[in-house]
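Worksheet: the structure to be examined is printed underneath.
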Amino acid sequence: MVQERKKSLRAELRDRLKAMGDSTITTLSRRAADRLCSLEVFVTAQTIMVFLPLTHEVDAVPIATRAWQHAKAVAVPLVSYEQRRMIAVECRSMTEPMDVDRHGVRTPASRNPVPISQIDLVVVPGLAFDNAGRRLGRGGGFYDRFLSQRDFRGTTCGLGFDHQVVESVPTTETDVPLNMLVTDQRVLCFNGRE
């Protein structure tokens, strides 16, 4: 059963991530960010959506910092657990006032929406990724619903540590595959995207 396999894989990957030290997370996050920021998809993007990391998660903030340095617009997710949906909101700096939800997700207090049609690149978190563009999230389906909106025309890029890449991620028909995956060690492109 797919849900049982997902649950088991989530537990395994959470344990792998918890075993990483803070300095390792920082070092490998910077490597992954540097790799992503050197790609054409980042260079040409005008608006980039990144996630603000949870504990034991790859840090996408260096990507946002590089985007601001190059006069790009940055968006981050705002999750409504009650409505089971996510929207993109503008993030101007890491020093602006932030709200923190019950799961530890940070969002700018200003909450200015960014239309999904304007987002060129979405940097997507995950617990596990595979070589076919499949990802295993935390189980809420927020990114899958967000990325399946018909107005989204951008590129999806998973961001993770190389040891989060597994042989195969179990999926259902509602799971949205990625266009790319960037880790601290490699770049994988799927669906003919680069």
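Since every read-out is calculated from the coordinates, none of them should be taken as a lab result. All values derive from a computational prediction rather than experimental measurement. Positions of Cβ are generated from backbone atoms using ideal geometry, with glycine treated the same way; all protein chains shown enter the neighbour counts.
Remark: relative contact order (the stretch 40-138) = 28 percent; criterion is Cα-Cα distance under 8 angstrom and separation of 6 or more residues. In percent, rounded to a whole number, the relative contact order of the chain is 23, using alpha-carbon pairs under 8 Å and six or more apart.
Electrostatic bookkeeping for residue 78 treats Lys and Arg as +1 and Asp and Glu as -1; over the other residues with beta carbon under 12 Å from its beta carbon, the sum is 0. One decimal place: the segment residue 117-residue 3 gains 37.9 nm when fully extended, by the rule 0.36 nm per residue minus the C-alpha distance.
Placing pseudo-labels 7 Å out from each Cα toward the beta carbon at residue 56 and residue 131 gives an inter-label distance of 2.7 nm. When the Cα gyration tensor is reduced to axis lengths a ≥ b ≥ c, the ratio a/c is 1.5 or higher for the stretch 1-41, and with a/b not above b/c it is classed as oblate. Both radii come from the Cα set of the stretch 30-112: Rg as radius of gyration, Rh as Kirkwood radius; their ratio Rg/Rh reads 0.97. Using a simple spin-label model with pseudo-atoms 7 Å out from Cα toward Cβ, residue 172 and residue 34 lie 4.1 nm apart. Segment residue 82..residue 69, full-extension length gain: 1.1 nm, with 0.36 nm per residue of separation and the alpha-carbon distance subtracted. Available extension along the chain between residue 98 and residue 19 is 25.6 nm, counting 0.36 nm per residue and deducting the alpha carbon span. Note that the chain, at 20 °C in a medium of 1.002 mPa s, gets a Stokes-Einstein diffusion coefficient of 128 µm²/s from its Kirkwood radius over C-alpha pairs. The residues packed around residue 107, meaning those with a beta-carbon under 11 Å from its beta-carbon, carry a net charge of -2 if Lys and Arg are +1 and Asp and Glu are -1.
Annotation: peptides 141-151, 57-67, 99-109, ranked by per-residue average of other Cβ atoms within 10 Å with the highest first, follow the order 57-67, 141-151, 99-109.
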